[in-house]
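Visitor: Take a look at this one; I'll ask things after.
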Amino acid sequence: MLMARKPRRDRAAVLAGLAAPLALAVVLVPFRGSLPNTDAALALVLVVVAVAAAGNRLAGIVAAVSAAAWFDFFLTVPYERFTITRRPDIETTVLILAVGIAVTEIAVRGRLQHAAAERRAGYLDGISAAARAVATGAEPQLLIDQVCRQLTGLLGLTACRFQDGAAGIGRPPRLLRDGRIVTAGQTWDTEHAGLPPGRDTELLAEAGGLLQGRFLLTPGLRARPTLEHRLVAIGLADQAAAALAGARLTGLR
């Protein structure tokens, strides 16, 4: 249902990007003789900002183009023609388009960063809850299962398993703490090639400089985890390692 709502919302935003600048330009027509064009341009830019903030990149760009076009058609001499004769009006029209596109890009990037921050917080909240359960006496395997589920979704894995107290067996590719994946002594191009195929990638779980174990990550066919995703995965492994270390100190394992 959410997947269906998003395309509908995106279509509505694009339609708003087309219609809202037109509606405002029509409203301003009776005042175009006394209203400075710069004021009208600012009003149109505000509409573009509103569409970009509420919609997607396409909606913002459509709104910017629509605002520039209707500013030209209704608010510059000669009126009701897509022709501009005065240099200041040409510059203002170009600025409406440029500022509208720039604002759209800023709004889109801001939403992406906000969504990424929420995802990171969600992953870590889930692991923190599992770690608290271990600290209060729950079975550590519950935490390991939780981390594996999170890693599978985060990295696009087909499987994830944990080996207690093991590292480097078979010299598998390894996900390092800086987010790089190294295999056979070379940095793997994860951004373009995804996780190394045909083998599990090793993610160490360490706490206080002591190895608690490793997660073995079986890659999905089309998964290409970004650097951000890989760093979140390292954070998840750290949370698991800290909880396991605590469990060992209290004699739970």
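The values are calculated or read from the model by the stated rules, or taken from the named source; none is laboratory data. Everything quoted here is computed from the prediction, not taken from an experiment. Every residue, glycine among them, receives a Cβ derived from its backbone with ideal geometry; neighbour counts consider all protein chains shown. For the accessible areas, the whole protein counts, side chains as well, though only heavy atoms, and no ligand, DNA or RNA atoms are used. Shrake-Rupley method; radii C 1.70, N 1.55, O 1.52, S 1.80 Å.
Visitor: Please give the helix 2-28 orientation as an angle from the longest Cα principal axis of the chain, in degrees from 0 to 90, rounded to the nearest 10.
Guide: 20 degrees
Visitor: If you compute log10 I(q)/I(0) by the Debye sum over Cα atoms at q = 0.08, 0.11, 0.16 Å⁻¹ for the structure shown, which of (1) -0.52, -0.71, -1.03; (2) -0.34, -0.63, -1.15; (3) -0.29, -0.57, -1.29 do you land on?
Guide: Read-out taken from this structure: (1).
Visitor: Could you state the accessible area per residue of the range 11-52 in Å², with a 1.4 Å probe and every protein chain left in place?
Guide: Per-residue value: 51 Å².
Visitor: From the helices alone, meaning DSSP H stretches of at least four residues, give me the mean residue ellipticity at 222 nm for the chain, per-run term -39500 (n - 2.57), in deg cm²/dmol to the nearest 500.
Guide: -21500 deg cm²/dmol
Visitor: So what is the diffusion coefficient of the range 161-200 in µm² per second by Stokes-Einstein at 10 °C and 1.306 mPa s, using a Kirkwood Rh over Cα pairs?
Guide: Using the Kirkwood radius from Cα pairs, D works out to 143 µm²/s.
Visitor: Sticking with this structure for a sec: Amide H neighbours of TRP188 under 5 Å, at least 5 residues apart or on other chains, H built in the peptide plane: list them.
Guide: It is ILE181, VAL182, THR183, by chain and number.
Visitor: Over the chain, with every protein chain in place, what whole percent of the accessible area is carbon and sulfur at 1.4 Å, could you tell me?
Guide: Roughly 64 percent, rounded to a whole number.
Visitor: Rolling a 1.4 Å sphere over the protein heavy atoms, what is the accessible area per residue of the range 154-193, to the nearest Å²?
Guide: Ligands and nucleic acids excluded, the figure is 59 Å² per residue.
Visitor: Work through the residues other than ASP200 whose Cβ is under 13 Å from its Cβ and net out their charges, Lys, Arg +1 and Asp, Glu -1.
Guide: +4
Visitor: Please compute the length gained on full extension between ALA121 and ALA167, using 0.36 nm multiplied by the number of residues separating them and subtracting their Cα-Cα distance.
Guide: Gain on extension, ALA121 to ALA167, equals 13.7 nm.
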